[in-house]
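Okay, structure first, notes after.
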Amino acid sequence: MPPLLQIEDLHVGFSTEDGVVQAVRGVDIAVEEGDVLAIVGESGSGKSVTALSVLGLHPKGRTTISGRVMWGDEDLVTASDERLRRVRGAEIAMIFQDPLSALNPVYTVGRQIMEMVRAHGDVSKSAAKERAIEMLGLVGIPQPRKRVDNYPHEFSGGMRQRAMIAMALSCDPKLVIADEPTTALDVTVQAQVLELLVDVTNRQGAAVMLITHDLGVVAGMANKVAVMYAGKVVEQAAAVDMFDEPSHPYTIGLLRSLPRVDADGDAQLIPIGGQPPSMLNPPAGCAFHPRCPIALREAGCDTVIPTLYHTPSELASGEVVDDPIHQHGAACWRRDEVAELLGTVRG
Amino acid sequence: MAVFIVRRLFSLAVTLLGGFTLLFILFFTLPSDPARVIAGGNGRAPSEAVIANTEKRLGLDKPVYEQYWNQLKDTVTLSGESFQTREPVSEMVTQRLPASLRLAIWAMLIEASVGIGAGVLSARRRNSLADTLTTTAAVVAGAIPVFVLGYLLTLVTGVYAFKHNWPEWARLPTLSNDYDPDKWFLFIPSLSQVEILIQPAIILAAVSTAIVARLTRTTMLEAQTSDHVRTARAKGLREKTVSRRHVLRNALIPVITFIGIDFGTIIGFAILTETVFQWPGLGSKIARAAGQSDLPVVLTLSMVVMLIYGLANLAVDISYAKLDPRIRLGGAK
Amino acid sequence: MSDGRDGFVPDLPSHQTGVGTPLGALGLDVSLTEIGPSRSLFEDAWRRFRRNKLAMFGLFLVVFLILVALFGPLFVQDPTKLSKTYLEGPTNQHPFGLDNKGGDVLARVVHGIRLSLFIGILATVLETFIGVVVGALAGWYGRYVDSVAMRFVDIMLGIPYIILAYAFITVLGRGVSAVILTLAFTAWLQTARTVRAGFIQVKQLEYIEAARALGVSGRRIMLRHILPNVLQPVVVLMAIGVGSAILSEAALSFLGVGVKPPNPSLGLMVSDAQSFLSSAPYLFFFPGIAIILTVLGFLLVGDGLRDALDVKDN
């Protein structure tokens, strides 16, 4: 069964005053039906850029994109403007980080949902309004018939984001991309909204691509995870596998820096040393090597960019990996030694 | 809403009273001798007796607070008289206010249409030749004094055109002596009156148009890169719809607000333009009266202008709430 | 003509006009390690200013005009010297022609520029001082002082500029010092408002609270901590203010209530040229251009400063 969305060798660069920033340097990601795929990384890892690239939402003038974004059997990167417009919202919908700035303050929430519904079909105003009310109710907004005529600023943060979710789902998309949907919300509300997102989306039969920097979020909701660093995916696995057996030093570092309920009283949080790299001039070889506790010149860490699935010997012998989507991949030349060198996270 | 309006009107009244008092202090009580100026109207140096008589006639010999009260009464009831000509101020107002308003309205129409149009064009084709030209023109326009621009324009359309026999429609009179209030319906001029309206209206609108153009460009550029426009695109809306409903609509809010406020400003600052073209409005009258120390005229007409200015601002504030639903008048939600 | 607007665009965040865009605007939150040497605010601002062509042109104009004002009078004849002929167009001897009284137009324009700059700069320095003091006191002490001061500012702002100027001229008479004072007394309002707003904003910052908690005296906090932060917009206002002051002086002189003849004011020259528009347009042309260039120079510099200093969160 082919994946819903397949991003192949995506490269995204932005021209700035100081040079070209290579935000995404070769990313392969697949989303299958029913998935909740979490893309995790720090600020600057390229995760949001990747998400925005799917629907072609980058400013045209300054952006260079290469690679393919396969939606079914068409490549969205080279799709016509009109085709892309029709995909947006109706087949792939997007939810953004800050609902207050993502929604237009001068139109009511209902109007904004209606506008989307009517852009994708010949729907009358009243039918569109009913649909808007229905969606608002679906996401748990009380008194939807009344609130449909409210303006965005009249909602609380959590409710606002629910409204955005309602809007995104209003045309029955098959994939919902959520870019840090809860980061801008109150901590107390984050879990609720996230649960709602995953729940409702799945019930509507859509898959979710969830961008986040919060591993804790990933644990509860996602079935698949891709960890990004400096514009590349450094580890990819089923969520369970990744937490059980993290295989990349960066991932291990991330997990170690998380507070745990079951930790010893005097266990320490270990942050990852160093700074995230400059995307104008990323480090040669593995971008993580300056901060990596097990980086080794002999292994090629500072000269050759590691691949997700091949060990050095496999690469040399030209072996092909079958079914890469369901493999547990880690882009580290010392992948086989990671467990013994760094121990498990609990250790 | 009603409470808000009442409070603002009250505040306006206080401000007007304060302004009146300030003007009174500056014009009436501090060193200057209107009686001498008025008495010596014919260029002869007036004798002390004449001056004294004049003072008495004009009520300038009375104590300050009595003069203040009298002027205040006269101003509010529009019953003052010109020191120079004994002409009742009320007549001046009824004759000249419409003229000023008409000029101001047309200046605003030009300001809005040309300004917004130029700004939108500039923003749409950023950094293109059209954009640079417009921006430069806008900046330069803001630096040209009204009277220089006025004379420049009349030089071209009045003097030069006549000298070189340009076609009839390109030749415009240098002065607005032919203003005829009967030939106007509200603020719509008859064809003959258009001739005298064009130049002063353009000149009056010039600086404002420049500001509006630059403001529109800025707000458009900002709106174009705002988050909600990205959302609109992500929803699958047509580019045209995004442009119209999400970029333009939001960008115009500050612009319209500015234009509204500018109305009051234009009324007040039409003095120069009216003087250059001798347009028979309040402004030119105030200028002449101030030069002749004709104090009641200056005071009353100024107050009329200030009243309009204050009311215009109030109207703008009210409509601003309609334009931007985030604004709640008179306090937090 | 200055009417409180003077080409001054209301306070909106300026938009970058360069080729690229700072990463923040692209939605990237890239924490960059040392791209280059860390720069101080001034160096940064100067760099941005330099790249702005219009601003550099304005700077060039201003410098040129200042040089003309300082050294020009050495090269031209006495502006009050009247020759026997009058109303003659540009000749070799009198490159800008002769006016209706026989004065050399070039000489008068040069002296006019000098006078304009003198008045403009002095008036602006004075108004800035008044504005900063009033604004600082209102912003710092708040409540009673603030309400009174702001009410006063509102009243003055409610009076149309020209009328207010007329009122002051009536009190102060005509002449150069009267004009300077009038310009200063009407222009400080905007500065005061801006400074006050800045104070109110900065006053709330935490480190100020910390300083207060430590017992640092009010005045000291005002001077050492808040003022430097508020100065940015003031610098912009000053540059634009000079331009607008020059415009106002020209307007007042044109109306006959500014500088007294035979002082060579550019505005006066335009006013005198009124009656000779068709016969001697150069009488209007040269002083007109001079005014435009002078004002333009300062406005461009002011705009450039505003764009250069308006760094969002660097």
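The values are calculated or read from the model by the stated rules, or taken from the named source; none is laboratory data. These numbers were taken from a predicted model, which means no experiment stands behind them. Methodologically, a virtual Cβ is constructed for each residue, glycine included, from the backbone with ideal geometry; neighbour enumeration extends over all protein chains shown.
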Next item on the list: Tally the residues that are among the polar types (S, T, N, Q) and assigned to a helix (DSSP H, G or I), restricting the search to segment B:279-315.
Entry: 4
Check: Inside segment C:84-190, counting only helices (runs of 4 or more DSSP H) that do not spill past its ends, which hold 1 or more residues that are surrounded by 24 or more Cβ atoms within 10 Å (Cβ to Cβ) and away from chain B (no Cβ under 14 Å)?
Finding: C:105-141
Notebook entry, point to check: Taking the stated definitions as given, is A:Ile92 within 19 Å of the chain's Cα centre (by Cα), buried (at least 18 other Cβ atoms within 10 Å of the Cβ), within 14 Å of chain B (Cβ to nearest Cβ) and of a type in the set (Val, Ile, Thr)?
Noted result: yes
Checklist line | Residue match in segment C:198-209 (condition: within 14 Å of chain B (Cβ to nearest Cβ), of a type in the set (Val, Ile, Thr) and out of contact with any Ser or Thr (no Cβ under 7 Å at 6 or more places or on another chain)) | finding: no
Item checked: All positions within segment A:154-206 that are within 14 Å of another protein chain (Cβ to nearest Cβ), in contact with a Ser or Thr (Cβ under 6 Å, 6 or more places away or on another chain) and either of a type in the set (A, V, I, L, M) or more than 20 Å from A:Val54 (Cα to Cα) (or both) -> A:Val176
Next item on the list: Would you check if there is a residue in segment A:277-292 being closer than 18 Å to A:Arg335 by Cα, in contact with a helix residue (DSSP H, G or I) (Cβ under 7 Å, 6 or more places away or on another chain) and in a loop (DSSP other than H, G, I, E, B)?
Entry: yes
Item checked: One residue from A:Val87, A:Val117, A:Val139 being crowded, with 20+ Cβ neighbours inside 10 Å, modelled with pLDDT of 90 or more and away from chain B (no Cβ under 11 Å) -> A:Val139
Notebook entry, point to check: What are the residues in segment C:231-262 that are within 23 Å of B:Gly150 (Cβ to Cβ), over 8 Å from the mean Cα position of the chain (by Cα) and polar (S, T, N, Q), if any?
Noted result: C:Ser248, C:Ser253
Next item on the list: Please go through segment A:95-114 and pick out each residue that is within 8 Å of chain B (Cβ to nearest Cβ), outside any loop (DSSP other than H, G, I, E, B) and either touching a residue at least 60 places away in the same chain (Cβ under 8 Å) or on the phi > 0 side of the Ramachandran plot (or both).
Entry: A:Ala102
Check: Of the conditions (1) crowded, with 23+ Cβ neighbours inside 10 Å; (2) under 26 Å from A:Gly157 (Cβ atoms); (3) in contact with a Gly (Cβ under 9 Å, 6 or more places away or on another chain), A:Leu100 fails just one. Which one is it?
Finding: (1)
Notebook entry, point to check: B:Ile259 passes all but one of (1) touching a residue at least 60 places away in the same chain (Cβ under 8 Å); (2) facing chain A (nearest Cβ under 8 Å); (3) of a type in the set (Val, Ile, Thr); which number fails?
Noted result: (2)
Notebook entry, point to check: Mind checking which residues of segment B:288-307 are of a type outside the set (S, T, N, Q), crowded, with 21+ Cβ neighbours inside 10 Å and within 10 Å of chain C (Cβ to nearest Cβ)?
Noted result: B:Ala289, B:Ala290, B:Leu295, B:Val298, B:Leu299, B:Leu301, B:Met303, B:Val305, B:Met306
Margin query: I need a count of the residues in segment B:267-282 that are touching a Lys or Arg at 6+ places or on another chain (Cβ under 9 Å) and more than 16 Å from B:Leu149 (Cβ to Cβ).
Written below: 3
Notebook entry, point to check: Only one of these conditions is not met by C:Ala308: (1) more than 30 Å from C:Leu181 (Cβ to Cβ); (2) of a type in the set (A, V, I, L, M, F, W, C); (3) within 11 Å of chain B (Cβ to nearest Cβ); (4) in contact (Cβ under 8 Å) with a residue 60 or more places away in the chain. Which number is it?
Noted result: (3)
Notebook entry, point to check: Which of the following residues is at pLDDT 80 or above, out of contact with any Pro (no Cβ under 7 Å at 6 or more places or on another chain) and outside any helix (DSSP H, G or I): C:Val259, C:Val234, C:Val295, C:Val242?
Noted result: C:Val259
Item checked: Filtered residues of segment A:18-41 (kept if within 14 Å of chain C (Cβ to nearest Cβ), in a strand (DSSP E or B) and either in contact with a helix residue (DSSP H, G or I) (Cβ under 8 Å, 6 or more places away or on another chain) or more than 22 Å from A:Asp75 (Cα to Cα) (or both)) -> A:Gly19, A:Val20, A:Val21, A:Ala23, A:Val24
Check: Going by the structure shown, is B:Ile253 within 12 Å of chain C (Cβ to nearest Cβ) and modelled with pLDDT of 85 or more?
Finding: yes
Notebook entry, point to check: Looking at segment A:222-242, is at least one residue outside any helix (DSSP H, G or I), modelled with pLDDT under 85 and in contact with a Pro (Cβ under 8 Å, 6 or more places away or on another chain)?
Noted result: no
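Can you pull out every residue in segment A:1-17 that is part of a loop (DSSP other than H, G, I, E, B), under 18 Å from the mean Cα position of the chain (by Cα) and not hydrophobic (A, V, I, L, M, F, W, C)?
Within segment A:1-17, the subset part of a loop (DSSP other than H, G, I, E, B) is A:1-4, A:17.
Okay, now just the ones that are also under 18 Å from the mean Cα position of the chain (by Cα), so A:3-4.
Once the filter is applied, which keeps residues that are part of a loop (DSSP other than H, G, I, E, B), under 18 Å from the mean Cα position of the chain (by Cα) and not hydrophobic (A, V, I, L, M, F, W, C), segment A:1-17 yields only A:Pro3.
Which of the following residues is β-branched (Val, Ile, Thr) and surrounded by fewer than 23 Cβ atoms within 10 Å (Cβ to Cβ): A:Val49, A:Val20, A:Val40?
The match here is A:Val20.
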Check: Within the group A:Val69, A:Val49, which residue is in contact with a helix residue (DSSP H, G or I) (Cβ under 7 Å, 6 or more places away or on another chain) and at pLDDT 90 or above?
Finding: A:Val69
Checklist line | Residue list for segment A:116-154, filter: small (Gly, Ala, Ser) and either over 26 Å from the mean Cα position of the chain (by Cα) or part of a helix (DSSP H, G or I) (or both) | finding: A:Ala119, A:Gly121, A:Ser124, A:Ser126, A:Ala127, A:Ala128, A:Ala132, A:Gly137
Margin query: It is to be established whether one or more residues within segment B:235-243 are in a helix (DSSP H, G or I) and over 23 Å from A:Leu100 (Cβ atoms).
Written below: yes
